[in-house]
1. Pairs, please: C-beta under 6 Å, at least 6 apart or cross-chain, first residue under 21 Å from Arg44 (Cα atoms) and of a type outside the set (Ser, Thr, Tyr) and in the range 1-28, second outside any helix (DSSP H, G or I) and at pLDDT 95 or above?
2. Which condition does Val19 not pass, out of (1) at pLDDT below 95; (2) within 18 Å of the chain's Cα centre (by Cα), if it passes all the others?
3. Step by step: first the residues of the range 1-23, then only those that are aliphatic (A, V, I, L, M) and part of a helix (DSSP H, G or I), then the one that is surrounded by the most Cβ atoms within 10 Å (Cβ to Cβ). Which residue is that?
4. Which one is nearest to the chain's Cα centre (by Cα), of the residues in the range 24-37 that are part of a helix (DSSP H, G or I) and surrounded by fewer than 18 Cβ atoms within 10 Å (Cβ to Cβ)?
Amino acid sequence: MEKAKTFEELTVWQKAHRVVLGIYRATAGFPKHEIYGLTSQFRRSAVSIPANIAEGFKKRGKPDKARFMNTAQGSLEETRYYLILSRDLGYMNSSALLDDVDEVGRLLSAYTDAILSSI
């Protein structure tokens, strides 16, 4: 397998980006009183996932790269919580996006492990 030249070639970034698009679509239908609350926080945490993957991609040192992936993982878990909260508030059916978040989490862990174990 050829090494990625840009972050956009990373499967983990592509899937994280799709999660963001799904969250933007879902939150567009949230109640207007949530615009500065849940909607804003939800979108911000989701955007942070692929943004940190992208930022970490160009970092030179393994610890630096891994730190950005760890930050992305933290944002992923925050996003997972907002999916659960949105479901429990009756704002959306979050099962498909929760599955996508699980997949991104697995890929992110594997990518981080590969960074740390590379020569």
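1. Ala26/Met92
2. (1)
3. The residue in question is Ala16.
4. First, pick out the residues of the range 24-37 that are part of a helix (DSSP H, G or I): 24-27, 32-34.
Filter again for surrounded by fewer than 18 Cβ atoms within 10 Å (Cβ to Cβ), leaving 24-25, 32-34.
Details: Tyr24: 13, Arg25: 15, Lys32: 24, His33: 25, Glu34: 21 Å.
It comes out as Tyr24.
The values are calculated or read from the model by the stated rules, or taken from the named source; none is laboratory data. Just so you know, these numbers come straight off a predicted model, no measurement behind them. Because the Cβ atoms are built from the backbone with ideal geometry, glycine has one as well, and the counts that use them run over all protein chains shown.
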